[in-house]
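J.: My structure is below; once you've seen it, I'll send some questions.
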Amino acid sequence: MSAKQDGPLLDDAAGRLIRPYTVSDGRTRPTTVLDLLSLVMATGSDPQTHLGPEHSVALGLCGGPTSVAEIAAHLRLPAVVTKVLVSDLVDCGAVTAHPPAFHDMPTDRSLLEAVLDGLRRQL
């Protein structure tokens, strides 16, 4: 059995060694409102509370603006668990989180048709 670490508490042969909700201490609701596209960025200040290994990895991913979805993918955790972890980091001042910026642009039908056509050719 290989013991290569792919990430926090992961084993390449066995997979995740603990249940995802153990990472968030069973919590399923973040204290901060976060969207999957919310952009998270490290503040540079050291957290005043003890962080678990997943918190530390998530913080390390936030050197530049990083989406919650991207953090979840790197951690190999469900989005709701990742939102709790990011919320913990926001609460202790280690990161800031901002909702995605949506521009009020009208949808260009020809652009959407071109995207659809490209997707059809890929299938």
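J.: Can you order the peptides 112-120, 40-48, 68-76 by their average number of other Cβ atoms within 10 Å per residue, highest first?
T.: 68-76, 40-48, 112-120
J.: Probe radius 1.4 Å, ligands and nucleic acids ignored: give me the carbon and sulfur share of the accessible area of segment 51-99 as a rounded percent.
T.: Carbon plus sulfur share of accessible area: 60 percent.
J.: What whole-number value in Å² describes the accessible area per residue of segment 27-114 for a 1.4 Å probe?
T.: Value returned for segment 27-114: 61 Å² of accessible area per residue.
J.: Mind listing the phi-derived Karplus ³J(HN,Hα) values for segment 39-49, rounded to whole Hz, using 6.51, -1.76 and 1.60 with θ = phi - 60°, and x for any glycine or proline?
T.: So the Karplus estimates, Gly and Pro as x, are 9, 10, 9, 5, 8, x, 8, 6, x, 8, 10 Hz.
J.: Around Asp117, what is the net charge, scoring Lys/Arg as +1 and Asp/Glu as -1 over all other residues with Cβ under 15 Å from its Cβ?
T.: My count for the surroundings of Asp117 gives +1.
J.: Which residues' amide hydrogens lie under 5 Å from the amide hydrogen of Leu39, considering only partners 5 or more residues apart or on another chain, with H built in the peptide plane?
T.: The answer is His98.
The values are calculated or read from the model by the stated rules, or taken from the named source; none is laboratory data. Keep in mind it's a predicted model, so treat the numbers as computed, not measured. Cβ: placed from backbone, ideal geometry, glycine included. Neighbour counts: every protein chain shown. Heavy atoms of the whole protein, side chains included, go into the accessibility calculation; ligands, DNA and RNA do not. Shrake-Rupley method; radii C 1.70, N 1.55, O 1.52, S 1.80 Å.
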